[in-house]
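Asks: Below are the C-alpha coordinates for one structure; questions will follow.
The values are calculated or read from the model by the stated rules, or taken from the named source; none is laboratory data. Quantities reported herein were computed from a predicted structural model and do not represent experimental measurements. Heads up, the Cβs are rebuilt from the backbone with ideal geometry, glycines too, and the neighbour counts pull from every protein chain shown.
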Amino acid sequence: MTKPSKPQLKALRQRRRQLMRQMGRGSIAILAAQKVCTRNRDVEHPYRQSSDFLYLTGFAEPEAVAVLIPGRPQGEYILFCRARDAEKETWHGRRAGQRGAVEDYGADDSFPIDDLDEILPGLMEERQRVYACLGLDTGFDQRLMGWVNQLREKIRIGVHPPHEFVSLEYLLHEMRLMKSDLEIELMRQAAQITTQAHIRAMQVCQPGMLEYAIEAELLHEFRRHGAHPAYPSIVGGGANGCILHYHENDAELRDGDLLLIDAGCEVAGYASDITRTFPVNGRFSSVQRDLYECVLSAQEAAIAQVKPGNHWDDPHTAAVRALTKGLIELGLLKGRLNNLIKRGAYRSYYMHRTGHWLGLDVHDVGDYKIEDQWRVFEPGMVLTVEPGIYIPASHKDAPKPFHNIGIRIEDDVRVTASGHEVLTAGCPKTVSEIEALIYSR
Ligand code: GLY
Ligand code: MN
Ligand code: MN
(Lines give C-alpha, C1' and ligand atoms only; values in the text may rest on other atoms or scores of the structure.)
(Ligands and ions follow the chains in the order given, each with its own letter.)
Protein backbone atom coordinates (compact mmCIF):
# COMPACT_ATOMS: atom_id res chain seq x y z
CA MET A 1 0.00 0.00 0.00
CA THR A 2 1.34 3.44 -0.87
CA LYS A 3 2.22 6.03 1.78
CA PRO A 4 -0.66 8.29 2.78
CA SER A 5 -1.03 11.52 0.79
CA LYS A 6 -1.08 14.88 2.58
CA PRO A 7 -4.93 14.99 2.76
CA GLN A 8 -4.94 11.39 4.01
CA LEU A 9 -2.36 12.22 6.69
CA LYS A 10 -4.55 15.11 7.79
CA ALA A 11 -7.60 12.84 7.94
CA LEU A 12 -5.68 10.22 9.94
CA ARG A 13 -4.58 12.90 12.41
CA GLN A 14 -8.16 14.14 12.77
CA ARG A 15 -9.40 10.61 13.47
CA ARG A 16 -6.81 10.06 16.16
CA ARG A 17 -7.71 13.42 17.72
CA GLN A 18 -11.42 12.63 17.62
CA LEU A 19 -10.78 9.29 19.28
CA MET A 20 -8.51 10.81 21.93
CA ARG A 21 -11.09 13.50 22.72
CA GLN A 22 -13.60 10.75 23.44
CA MET A 23 -11.11 8.68 25.45
CA GLY A 24 -10.26 11.65 27.64
CA ARG A 25 -7.18 12.42 29.71
CA GLY A 26 -5.80 9.71 31.95
CA SER A 27 -6.23 7.09 29.27
CA ILE A 28 -4.11 5.16 26.78
CA ALA A 29 -5.11 3.25 23.65
CA ILE A 30 -2.98 0.31 22.54
CA LEU A 31 -3.66 -1.24 19.17
CA ALA A 32 -1.69 -4.06 17.55
CA ALA A 33 -1.25 -4.64 13.81
CA GLN A 34 -2.71 -7.76 12.22
CA LYS A 35 -0.56 -10.82 12.81
CA VAL A 36 1.20 -12.49 9.90
CA CYS A 37 -0.46 -15.80 9.07
CA THR A 38 1.54 -18.79 7.84
CA ARG A 39 0.13 -20.58 4.80
CA ASN A 40 2.52 -23.51 4.76
CA ARG A 41 6.10 -23.83 5.95
CA ASP A 42 7.96 -20.72 4.74
CA VAL A 43 5.01 -19.25 2.83
CA GLU A 44 2.74 -16.63 4.36
CA HIS A 45 -0.80 -15.63 3.40
CA PRO A 46 -0.81 -12.26 1.64
CA TYR A 47 -0.63 -9.68 4.41
CA ARG A 48 -3.62 -7.39 4.98
CA GLN A 49 -3.40 -4.86 7.80
CA SER A 50 -6.22 -4.90 10.37
CA SER A 51 -8.90 -2.42 9.39
CA ASP A 52 -8.90 -0.70 12.80
CA PHE A 53 -5.14 -0.23 12.57
CA LEU A 54 -5.35 1.06 9.01
CA TYR A 55 -8.13 3.47 9.95
CA LEU A 56 -6.03 5.10 12.68
CA THR A 57 -2.53 4.89 11.23
CA GLY A 58 -2.60 4.29 7.45
CA PHE A 59 0.36 1.99 8.24
CA ALA A 60 0.24 -1.28 6.32
CA GLU A 61 3.28 -3.11 7.73
CA PRO A 62 2.99 -6.06 10.12
CA GLU A 63 4.69 -6.16 13.55
CA ALA A 64 3.55 -2.75 14.69
CA VAL A 65 1.74 -1.33 17.71
CA ALA A 66 0.07 2.07 17.76
CA VAL A 67 -0.25 3.89 21.09
CA LEU A 68 -2.40 6.97 21.70
CA ILE A 69 -1.95 8.94 24.90
CA PRO A 70 -4.21 12.01 25.05
CA GLY A 71 -2.48 15.02 26.57
CA ARG A 72 1.03 13.50 26.70
CA PRO A 73 3.30 16.54 26.36
CA GLN A 74 6.11 14.68 24.55
CA GLY A 75 3.69 13.46 21.86
CA GLU A 76 0.29 11.77 21.85
CA TYR A 77 0.83 9.25 19.02
CA ILE A 78 3.62 6.68 19.26
CA LEU A 79 4.15 4.03 16.61
CA PHE A 80 6.22 0.96 17.40
CA CYS A 81 7.34 -0.70 14.17
CA ARG A 82 10.14 -2.74 12.66
CA ALA A 83 13.54 -1.07 12.61
CA ARG A 84 15.29 -0.62 9.27
CA ASP A 85 17.50 -3.62 8.49
CA ALA A 86 19.32 -3.81 5.16
CA GLU A 87 19.62 -7.58 5.16
CA LYS A 88 16.03 -8.30 6.16
CA GLU A 89 14.76 -5.73 3.66
CA THR A 90 16.72 -7.48 0.91
CA TRP A 91 14.84 -10.68 1.69
CA HIS A 92 11.40 -9.46 2.73
CA GLY A 93 10.90 -5.93 1.40
CA ARG A 94 11.14 -2.32 2.47
CA ARG A 95 10.33 -1.02 5.94
CA ALA A 96 9.39 2.50 6.98
CA GLY A 97 11.54 2.32 10.11
CA GLN A 98 11.36 4.88 12.90
CA ARG A 99 12.14 7.82 10.67
CA GLY A 100 9.52 6.83 8.12
CA ALA A 101 6.94 6.33 10.89
CA VAL A 102 7.40 9.96 11.91
CA GLU A 103 8.02 11.61 8.54
CA ASP A 104 5.66 9.63 6.30
CA TYR A 105 2.98 8.44 8.73
CA GLY A 106 2.70 11.36 11.14
CA ALA A 107 3.75 9.62 14.35
CA ASP A 108 4.94 11.99 17.09
CA ASP A 109 7.51 9.42 18.07
CA SER A 110 8.50 5.92 17.00
CA PHE A 111 10.45 3.06 18.60
CA PRO A 112 11.58 -0.32 17.31
CA ILE A 113 8.95 -3.00 17.90
CA ASP A 114 11.63 -5.09 19.62
CA ASP A 115 11.69 -2.48 22.43
CA LEU A 116 7.95 -2.73 23.10
CA ASP A 117 8.18 -4.74 26.35
CA GLU A 118 10.75 -2.35 27.70
CA ILE A 119 8.98 0.92 26.85
CA LEU A 120 5.25 0.26 27.02
CA PRO A 121 4.83 -0.28 30.79
CA GLY A 122 6.35 3.18 31.34
CA LEU A 123 3.83 4.72 28.92
CA MET A 124 0.96 3.07 30.84
CA GLU A 125 2.09 4.39 34.21
CA GLU A 126 -0.29 6.96 35.69
CA ARG A 127 -2.98 6.13 33.07
CA GLN A 128 -6.16 4.90 34.71
CA ARG A 129 -7.91 3.57 31.62
CA VAL A 130 -6.57 1.27 28.89
CA TYR A 131 -8.47 1.17 25.60
CA ALA A 132 -7.69 -1.99 23.64
CA CYS A 133 -9.26 -4.54 21.30
CA LEU A 134 -9.32 -7.44 23.75
CA GLY A 135 -10.05 -11.00 22.72
CA LEU A 136 -8.76 -10.80 19.14
CA ASP A 137 -5.25 -12.07 19.83
CA THR A 138 -4.85 -13.93 23.10
CA GLY A 139 -1.05 -13.67 22.86
CA PHE A 140 -1.25 -9.89 22.73
CA ASP A 141 -3.88 -9.81 25.53
CA GLN A 142 -1.44 -11.75 27.72
CA ARG A 143 1.38 -9.34 26.95
CA LEU A 144 -0.87 -6.44 27.84
CA MET A 145 -1.72 -8.02 31.19
CA GLY A 146 1.99 -8.71 31.68
CA TRP A 147 2.74 -4.98 31.32
CA VAL A 148 -0.02 -4.12 33.77
CA ASN A 149 1.29 -6.70 36.24
CA GLN A 150 4.76 -5.20 36.02
CA LEU A 151 3.26 -1.89 37.14
CA ARG A 152 1.20 -3.57 39.87
CA GLU A 153 4.43 -4.89 41.35
CA LYS A 154 5.56 -1.29 41.78
CA ILE A 155 2.52 -0.05 43.69
CA ARG A 156 4.54 0.14 46.92
CA ILE A 157 6.97 2.57 45.34
CA GLY A 158 4.10 4.85 44.40
CA VAL A 159 3.33 3.70 40.83
CA HIS A 160 -0.35 3.85 39.79
CA PRO A 161 -1.19 1.06 37.36
CA PRO A 162 -4.27 1.32 35.11
CA HIS A 163 -7.39 -0.12 36.70
CA GLU A 164 -9.98 0.18 33.93
CA PHE A 165 -9.99 -1.79 30.67
CA VAL A 166 -12.31 -0.51 27.99
CA SER A 167 -13.19 -1.88 24.55
CA LEU A 168 -11.55 0.35 21.96
CA GLU A 169 -13.91 -0.96 19.30
CA TYR A 170 -16.88 0.67 20.98
CA LEU A 171 -15.63 4.18 20.09
CA LEU A 172 -13.68 3.27 16.98
CA HIS A 173 -16.40 1.35 15.18
CA GLU A 174 -18.90 4.11 15.65
CA MET A 175 -16.40 6.44 13.97
CA ARG A 176 -15.75 3.97 11.16
CA LEU A 177 -19.46 3.64 10.42
CA MET A 178 -19.66 7.30 9.34
CA LYS A 179 -17.61 7.73 6.18
CA SER A 180 -15.92 11.04 5.37
CA ASP A 181 -15.81 12.51 1.85
CA LEU A 182 -12.27 11.19 1.49
CA GLU A 183 -13.36 7.66 2.39
CA ILE A 184 -16.35 7.88 0.05
CA GLU A 185 -14.00 8.89 -2.75
CA LEU A 186 -11.95 5.72 -2.20
CA MET A 187 -15.13 3.63 -2.07
CA ARG A 188 -16.25 5.24 -5.31
CA GLN A 189 -12.95 4.24 -6.93
CA ALA A 190 -13.36 0.67 -5.65
CA ALA A 191 -16.94 0.66 -6.99
CA GLN A 192 -15.79 1.86 -10.42
CA ILE A 193 -13.04 -0.73 -10.75
CA THR A 194 -15.41 -3.47 -9.59
CA THR A 195 -18.00 -2.28 -12.10
CA GLN A 196 -15.41 -2.55 -14.90
CA ALA A 197 -14.56 -6.06 -13.72
CA HIS A 198 -18.20 -7.19 -13.88
CA ILE A 199 -18.61 -5.62 -17.31
CA ARG A 200 -15.48 -7.45 -18.49
CA ALA A 201 -16.88 -10.74 -17.13
CA MET A 202 -20.15 -10.22 -19.01
CA GLN A 203 -18.26 -9.39 -22.19
CA VAL A 204 -15.95 -12.42 -22.20
CA CYS A 205 -18.35 -15.06 -20.88
CA GLN A 206 -19.15 -17.89 -23.32
CA PRO A 207 -20.67 -21.36 -22.90
CA GLY A 208 -17.89 -23.90 -22.34
CA MET A 209 -15.63 -21.55 -20.35
CA LEU A 210 -14.60 -22.53 -16.84
CA GLU A 211 -15.73 -20.47 -13.87
CA TYR A 212 -12.11 -19.83 -12.88
CA ALA A 213 -11.40 -18.28 -16.27
CA ILE A 214 -14.03 -15.66 -15.44
CA GLU A 215 -12.50 -15.25 -11.96
CA ALA A 216 -9.18 -14.53 -13.69
CA GLU A 217 -10.82 -11.79 -15.77
CA LEU A 218 -12.13 -10.14 -12.59
CA LEU A 219 -8.72 -10.34 -10.99
CA HIS A 220 -7.09 -8.93 -14.12
CA GLU A 221 -9.32 -5.87 -13.93
CA PHE A 222 -8.71 -5.41 -10.19
CA ARG A 223 -4.95 -5.73 -10.38
CA ARG A 224 -4.44 -3.62 -13.48
CA HIS A 225 -5.92 -0.77 -11.44
CA GLY A 226 -3.72 -1.56 -8.43
CA ALA A 227 -6.65 -2.93 -6.42
CA HIS A 228 -6.93 -6.26 -4.59
CA PRO A 229 -9.98 -8.49 -4.10
CA ALA A 230 -11.87 -7.42 -0.99
CA TYR A 231 -13.00 -11.05 -0.49
CA PRO A 232 -12.78 -14.30 -2.48
CA SER A 233 -14.78 -13.95 -5.70
CA ILE A 234 -17.87 -16.11 -6.10
CA VAL A 235 -18.30 -17.26 -9.71
CA GLY A 236 -21.12 -19.78 -9.81
CA GLY A 237 -22.86 -21.05 -12.92
CA GLY A 238 -26.28 -22.76 -12.82
CA ALA A 239 -26.75 -24.79 -9.62
CA ASN A 240 -23.57 -23.27 -8.14
CA GLY A 241 -25.32 -19.89 -8.06
CA CYS A 242 -27.58 -21.37 -5.38
CA ILE A 243 -24.63 -21.89 -2.98
CA LEU A 244 -24.33 -18.61 -1.11
CA HIS A 245 -20.60 -18.82 -0.34
CA TYR A 246 -19.53 -20.88 -3.38
CA HIS A 247 -15.75 -20.67 -3.81
CA GLU A 248 -14.62 -23.63 -5.89
CA ASN A 249 -15.10 -21.70 -9.15
CA ASP A 250 -14.05 -24.74 -11.16
CA ALA A 251 -17.13 -25.87 -13.11
CA GLU A 252 -17.87 -25.49 -16.80
CA LEU A 253 -20.34 -22.76 -17.74
CA ARG A 254 -23.24 -24.23 -19.65
CA ASP A 255 -25.36 -22.82 -22.44
CA GLY A 256 -28.76 -21.94 -20.99
CA ASP A 257 -27.52 -21.43 -17.40
CA LEU A 258 -27.23 -18.22 -15.45
CA LEU A 259 -23.93 -17.11 -13.97
CA LEU A 260 -23.88 -15.44 -10.55
CA ILE A 261 -20.78 -13.36 -9.81
CA ASP A 262 -20.25 -11.80 -6.38
CA ALA A 263 -16.92 -9.99 -6.53
CA GLY A 264 -15.44 -6.72 -5.34
CA CYS A 265 -12.07 -5.07 -4.94
CA GLU A 266 -10.66 -2.80 -2.28
CA VAL A 267 -8.80 0.47 -2.84
CA ALA A 268 -6.57 1.65 0.00
CA GLY A 269 -8.44 -0.91 2.09
CA TYR A 270 -11.94 0.35 1.18
CA ALA A 271 -14.19 -2.35 -0.24
CA SER A 272 -16.74 -2.61 -2.96
CA ASP A 273 -19.17 -5.53 -3.09
CA ILE A 274 -21.17 -6.16 -6.27
CA THR A 275 -23.24 -9.14 -7.38
CA ARG A 276 -24.56 -9.50 -10.88
CA THR A 277 -26.34 -12.47 -12.44
CA PHE A 278 -26.51 -12.88 -16.21
CA PRO A 279 -27.09 -15.59 -18.85
CA VAL A 280 -23.99 -17.49 -19.95
CA ASN A 281 -25.22 -17.35 -23.57
CA GLY A 282 -26.32 -13.72 -23.37
CA ARG A 283 -30.13 -14.22 -23.47
CA PHE A 284 -32.40 -14.77 -20.45
CA SER A 285 -34.94 -17.58 -20.89
CA SER A 286 -38.47 -16.54 -20.01
CA VAL A 287 -38.35 -18.31 -16.62
CA GLN A 288 -34.94 -16.78 -15.83
CA ARG A 289 -36.23 -13.37 -16.88
CA ASP A 290 -39.35 -13.63 -14.69
CA LEU A 291 -37.29 -14.56 -11.64
CA TYR A 292 -34.69 -11.91 -12.44
CA GLU A 293 -37.33 -9.19 -12.71
CA CYS A 294 -38.72 -10.33 -9.36
CA VAL A 295 -35.31 -9.94 -7.65
CA LEU A 296 -34.67 -6.64 -9.43
CA SER A 297 -37.98 -5.16 -8.30
CA ALA A 298 -37.18 -6.28 -4.73
CA GLN A 299 -33.76 -4.66 -4.95
CA GLU A 300 -35.18 -1.41 -6.31
CA ALA A 301 -37.83 -1.35 -3.59
CA ALA A 302 -35.15 -1.94 -0.97
CA ILE A 303 -32.81 0.76 -2.33
CA ALA A 304 -35.70 3.26 -2.32
CA GLN A 305 -35.91 2.77 1.47
CA VAL A 306 -32.35 3.98 2.02
CA LYS A 307 -32.71 7.54 3.28
CA PRO A 308 -32.09 9.45 6.49
CA GLY A 309 -34.79 8.77 9.04
CA ASN A 310 -35.62 5.29 7.77
CA HIS A 311 -34.12 2.46 9.77
CA TRP A 312 -31.84 -0.48 9.06
CA ASP A 313 -34.65 -3.00 8.61
CA ASP A 314 -36.73 -0.92 6.16
CA PRO A 315 -34.88 -2.09 3.00
CA HIS A 316 -35.14 -5.72 4.13
CA THR A 317 -38.85 -5.39 4.83
CA ALA A 318 -39.41 -3.84 1.38
CA ALA A 319 -37.35 -6.57 -0.31
CA VAL A 320 -39.24 -9.35 1.48
CA ARG A 321 -42.59 -7.84 0.47
CA ALA A 322 -41.60 -7.47 -3.20
CA LEU A 323 -40.04 -10.96 -3.35
CA THR A 324 -43.06 -12.59 -1.73
CA LYS A 325 -45.39 -10.78 -4.12
CA GLY A 326 -43.28 -11.88 -7.10
CA LEU A 327 -43.09 -15.47 -5.87
CA ILE A 328 -46.91 -15.55 -5.60
CA GLU A 329 -47.26 -14.19 -9.13
CA LEU A 330 -44.90 -16.89 -10.42
CA GLY A 331 -46.89 -19.59 -8.61
CA LEU A 332 -43.95 -20.46 -6.34
CA LEU A 333 -45.81 -19.42 -3.19
CA LYS A 334 -49.49 -19.89 -2.56
CA GLY A 335 -51.53 -17.90 -0.09
CA ARG A 336 -52.18 -14.33 0.96
CA LEU A 337 -49.32 -11.85 0.78
CA ASN A 338 -49.43 -10.66 4.39
CA ASN A 339 -49.84 -14.16 5.80
CA LEU A 340 -46.95 -15.48 3.76
CA ILE A 341 -44.73 -12.60 4.87
CA LYS A 342 -45.75 -13.12 8.48
CA ARG A 343 -44.80 -16.77 8.48
CA GLY A 344 -41.59 -16.16 6.50
CA ALA A 345 -42.62 -18.39 3.58
CA TYR A 346 -40.03 -16.64 1.35
CA ARG A 347 -37.20 -18.13 3.43
CA SER A 348 -36.98 -21.32 1.40
CA TYR A 349 -36.08 -19.10 -1.60
CA TYR A 350 -34.38 -16.19 0.18
CA MET A 351 -32.49 -17.23 3.29
CA HIS A 352 -30.20 -14.26 3.99
CA ARG A 353 -30.75 -10.65 4.91
CA THR A 354 -30.73 -7.75 2.48
CA GLY A 355 -27.34 -6.19 3.23
CA HIS A 356 -24.61 -5.14 5.60
CA TRP A 357 -22.47 -2.08 6.33
CA LEU A 358 -19.60 -1.62 3.89
CA GLY A 359 -16.25 0.09 4.43
CA LEU A 360 -12.74 -1.04 5.32
CA ASP A 361 -14.27 -4.45 5.97
CA VAL A 362 -16.63 -5.88 3.41
CA HIS A 363 -18.95 -6.76 6.28
CA ASP A 364 -18.09 -3.53 7.99
CA VAL A 365 -18.26 -2.58 11.64
CA GLY A 366 -21.05 -0.60 13.27
CA ASP A 367 -24.06 -1.56 15.33
CA TYR A 368 -27.26 -2.52 13.51
CA LYS A 369 -29.38 -1.86 16.57
CA ILE A 370 -29.19 0.77 19.30
CA GLU A 371 -30.47 -0.98 22.40
CA ASP A 372 -33.40 -2.90 20.93
CA GLN A 373 -34.24 -0.50 18.08
CA TRP A 374 -33.03 -0.81 14.50
CA ARG A 375 -30.47 1.85 13.68
CA VAL A 376 -31.72 4.93 11.83
CA PHE A 377 -29.88 5.81 8.58
CA GLU A 378 -27.65 8.88 8.69
CA PRO A 379 -25.65 10.57 5.92
CA GLY A 380 -22.20 9.01 5.65
CA MET A 381 -23.28 5.41 6.22
CA VAL A 382 -22.64 2.95 3.37
CA LEU A 383 -24.43 -0.37 3.01
CA THR A 384 -25.06 -3.07 0.45
CA VAL A 385 -28.51 -3.96 -0.86
CA GLU A 386 -28.52 -7.55 -2.09
CA PRO A 387 -31.72 -9.57 -2.27
CA GLY A 388 -31.78 -12.88 -4.11
CA ILE A 389 -33.75 -15.99 -5.02
CA TYR A 390 -32.12 -19.43 -4.92
CA ILE A 391 -33.85 -22.56 -6.23
CA PRO A 392 -31.62 -25.66 -6.18
CA ALA A 393 -32.95 -28.85 -7.79
CA SER A 394 -33.54 -30.16 -4.27
CA HIS A 395 -36.13 -27.46 -3.54
CA LYS A 396 -39.17 -29.36 -2.43
CA ASP A 397 -41.89 -27.03 -3.77
CA ALA A 398 -40.57 -25.41 -6.95
CA PRO A 399 -41.45 -27.00 -10.34
CA LYS A 400 -38.61 -28.27 -12.52
CA PRO A 401 -38.31 -25.31 -14.92
CA PHE A 402 -37.24 -23.16 -11.94
CA HIS A 403 -34.50 -25.55 -10.80
CA ASN A 404 -30.84 -24.59 -10.55
CA ILE A 405 -31.49 -20.89 -10.82
CA GLY A 406 -29.68 -18.67 -8.32
CA ILE A 407 -30.03 -14.92 -8.68
CA ARG A 408 -28.65 -12.16 -6.50
CA ILE A 409 -28.32 -8.48 -7.37
CA GLU A 410 -26.10 -6.42 -5.10
CA ASP A 411 -25.20 -2.72 -5.11
CA ASP A 412 -23.31 -0.42 -2.74
CA VAL A 413 -25.40 2.45 -1.46
CA ARG A 414 -24.36 5.59 0.40
CA VAL A 415 -26.84 7.44 2.60
CA THR A 416 -26.90 11.12 1.61
CA ALA A 417 -28.57 14.13 3.24
CA SER A 418 -31.56 13.85 0.91
CA GLY A 419 -31.71 10.11 0.21
CA HIS A 420 -29.05 7.89 -1.25
CA GLU A 421 -26.41 7.48 -3.93
CA VAL A 422 -25.81 4.10 -5.58
CA LEU A 423 -22.02 3.98 -5.79
CA THR A 424 -22.21 1.03 -8.19
CA ALA A 425 -24.87 2.52 -10.48
CA GLY A 426 -22.59 2.16 -13.53
CA CYS A 427 -22.79 -1.63 -13.44
CA PRO A 428 -25.42 -2.94 -15.92
CA LYS A 429 -28.39 -4.35 -14.09
CA THR A 430 -31.62 -4.44 -16.10
CA VAL A 431 -32.35 -7.33 -18.46
CA SER A 432 -32.06 -5.05 -21.48
CA GLU A 433 -28.80 -3.43 -20.29
CA ILE A 434 -27.21 -6.84 -19.67
CA GLU A 435 -28.38 -8.38 -22.96
CA ALA A 436 -27.33 -5.30 -24.92
CA LEU A 437 -23.86 -5.36 -23.33
CA ILE A 438 -23.30 -9.05 -23.99
CA TYR A 439 -24.52 -8.77 -27.58
CA SER A 440 -22.38 -5.71 -28.33
CA ARG A 441 -19.17 -7.68 -27.72
N1 GLY B 1 -19.61 -10.68 -0.83
C2 GLY B 1 -20.08 -10.95 0.45
C3 GLY B 1 -21.44 -10.46 0.64
O4 GLY B 1 -22.10 -10.11 -0.31
O5 GLY B 1 -21.89 -10.31 1.74
MN1 MN C 1 -22.53 -8.15 0.38
MN1 MN D 1 -21.31 -9.66 -2.22
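Asks: For segment 347-362, what are the residues that are closer than 11 Å to Gly388 by Cβ and either in contact with a Leu (Cβ under 7 Å, 6 or more places away or on another chain) or away from ligand 1 (no atom under 14 Å from the Cβ) (or both)?
Replies: Tyr349, Tyr350, His352
Asks: Follow-up question, since we're still on this one. So, in segment 131-175, of the ones that are within 30 Å of Ser272 (Cα to Cα) and small (Gly, Ala, Ser), which residue ends up surrounded by the most Cβ atoms within 10 Å (Cβ to Cβ)?
Replies: The extreme case among them is Ala132.
Asks: Just wondering, is there one or more residues in segment 247-263 that are in a strand (DSSP E or B), away from ligand 2 (no atom under 16 Å from the Cβ), of a type in the set (Asp, Glu) and surrounded by fewer than 23 Cβ atoms within 10 Å (Cβ to Cβ)? I'd like the intermediate steps shown before the answer.
Replies: The first filter runs over segment 247-263 and keeps only residues in a strand (DSSP E or B), leaving 252, 258-263.
Still in the running and away from ligand 2 (no atom under 16 Å from the Cβ): 252, 258-259.
Checking the rest, the ones that are also of a type in the set (Asp, Glu) come to 252.
Cutting the leftovers down to surrounded by fewer than 23 Cβ atoms within 10 Å (Cβ to Cβ) gives us 252.
So far as segment 247-263 goes, yes, one or more of its residues are in a strand (DSSP E or B), away from ligand 2 (no atom under 16 Å from the Cβ), of a type in the set (Asp, Glu) and surrounded by fewer than 23 Cβ atoms within 10 Å (Cβ to Cβ).
Residues checked against (1) more than 15 Å from ligand 2 (Cβ to nearest atom); (2) assigned to a loop (DSSP other than H, G, I, E, B):
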{"site": "Tyr350", "(1), (2)": "no, yes"}
{"site": "Leu360", "(1), (2)": "no, yes"}
{"site": "His363", "(1), (2)": "no, yes"}
{"site": "Gly366", "(1), (2)": "no, yes"}
{"site": "Gly380", "(1), (2)": "yes, yes"}
{"site": "Thr384", "(1), (2)": "no, no"}
{"site": "Ile389", "(1), (2)": "yes, no"}
{"site": "Ser394", "(1), (2)": "yes, yes"}
{"site": "Asp397", "(1), (2)": "yes, yes"}
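Asks: Need pairs with beta-carbon distance below 8 Å; first residue touching a residue at least 12 places away in the same chain (Cβ under 8 Å) and within segment 114-134, second crowded, with 19+ Cβ neighbours inside 10 Å and of a type in the set (S, T, N, Q); sequence gap 6+ or separate chains.
Replies: Hits for this filter: Arg127/Ser27; Gln128/Ser27; Arg129/Ser27; Val130/Ser27; Tyr131/Ser27.
Asks: Then there's this: Among the numbered criteria (1) within 16 Å of ligand 3 (Cβ to nearest atom); (2) in contact (Cβ under 8 Å) with a residue 60 or more places away in the chain; (3) assigned to a loop (DSSP other than H, G, I, E, B), which single criterion is violated by Asn240?
Replies: Unmet for Asn240, out of (1) within 16 Å of ligand 3 (Cβ to nearest atom); (2) in contact (Cβ under 8 Å) with a residue 60 or more places away in the chain; (3) assigned to a loop (DSSP other than H, G, I, E, B): (3).
Asks: Now for a separate question. Tally the residues that are buried (at least 24 other Cβ atoms within 10 Å of the Cβ) and either over 30 Å from Arg223 (Cα atoms) or within 16 Å of ligand 2 (Cβ to nearest atom) (or both), restricting the search to segment 276-291. Walk me through it before giving the result.
Replies: Looking only at segment 276-291, we keep the residues that are buried (at least 24 other Cβ atoms within 10 Å of the Cβ), and these are 276-278, 291.
Applying the additional criterion that residues be either over 30 Å from Arg223 (Cα atoms) or within 16 Å of ligand 2 (Cβ to nearest atom) (or both) yields 276-277, 291.
Within segment 276-291, residues that are buried (at least 24 other Cβ atoms within 10 Å of the Cβ) and either over 30 Å from Arg223 (Cα atoms) or within 16 Å of ligand 2 (Cβ to nearest atom) (or both) number 3.
For every residue, the table says whether it meets (1) buried (at least 22 other Cβ atoms within 10 Å of the Cβ); (2) at pLDDT below 95; (3) over 27 Å from Met178 (Cβ atoms).
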residue: Arg17; (1), (2), (3): no, no, no
residue: Gln22; (1), (2), (3): no, no, no
residue: Tyr55; (1), (2), (3): yes, no, no
residue: Asp108; (1), (2), (3): no, no, no
residue: Asp117; (1), (2), (3): no, no, yes
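Asks: Another question about this same structure. Within segment 1-69, considering only strands (runs of 3 or more DSSP E) that don't extend past its boundaries, which have at least 1 residues that are in contact (Cβ under 8 Å) with a residue 12 or more places away in the chain? Break it down stepwise before answering.
Replies: Numbers: elements: 27-32, 38-40, 65-68.
Output list reads 27-32, 65-68.
Asks: For segment 79-104, enumerate the residues that are in contact with a helix residue (DSSP H, G or I) (Cβ under 8 Å, 6 or more places away or on another chain) and farther than 30 Å from Leu151 by Cα. Working first, answer last.
Replies: As a first pass, look at segment 79-104 and keep what is in contact with a helix residue (DSSP H, G or I) (Cβ under 8 Å, 6 or more places away or on another chain): 79-84, 95.
Arg84, Arg95 - these are the residues of segment 79-104 that are in contact with a helix residue (DSSP H, G or I) (Cβ under 8 Å, 6 or more places away or on another chain) and farther than 30 Å from Leu151 by Cα.
Asks: Exactly one condition in (1) touching a residue at least 24 places away in the same chain (Cβ under 8 Å); (2) touching a helix residue (DSSP H, G or I) at 6+ places or on another chain (Cβ under 9 Å); (3) assigned to a helix (DSSP H, G or I) is not met by Arg200; state its number.
Replies: Only one criterion is unmet by Arg200, namely (1).
Asks: Looking only at segment 176-192, how many residues end up being acidic (Asp, Glu) and surrounded by fewer than 18 Cβ atoms within 10 Å (Cβ to Cβ)?
Replies: Step one: filter segment 176-192 for residues acidic (Asp, Glu), giving 181, 183, 185.
So of that shortlist, the ones also surrounded by fewer than 18 Cβ atoms within 10 Å (Cβ to Cβ) come out as 181, 185.
Matching residues across segment 176-192 total 2.
Asks: Six or more apart or on different chains, Cβ under 6 Å: which pairs go from a residue in segment 80-92 that's closer than 22 Å to Asp109 by Cα and touching a residue at least 60 places away in the same chain (Cβ under 8 Å) to one that's surrounded by 14 or more Cβ atoms within 10 Å (Cβ to Cβ) and among the polar types (S, T, N, Q)? Could you list them?
Replies: Filtered contacts from segment 80-92: no entries.
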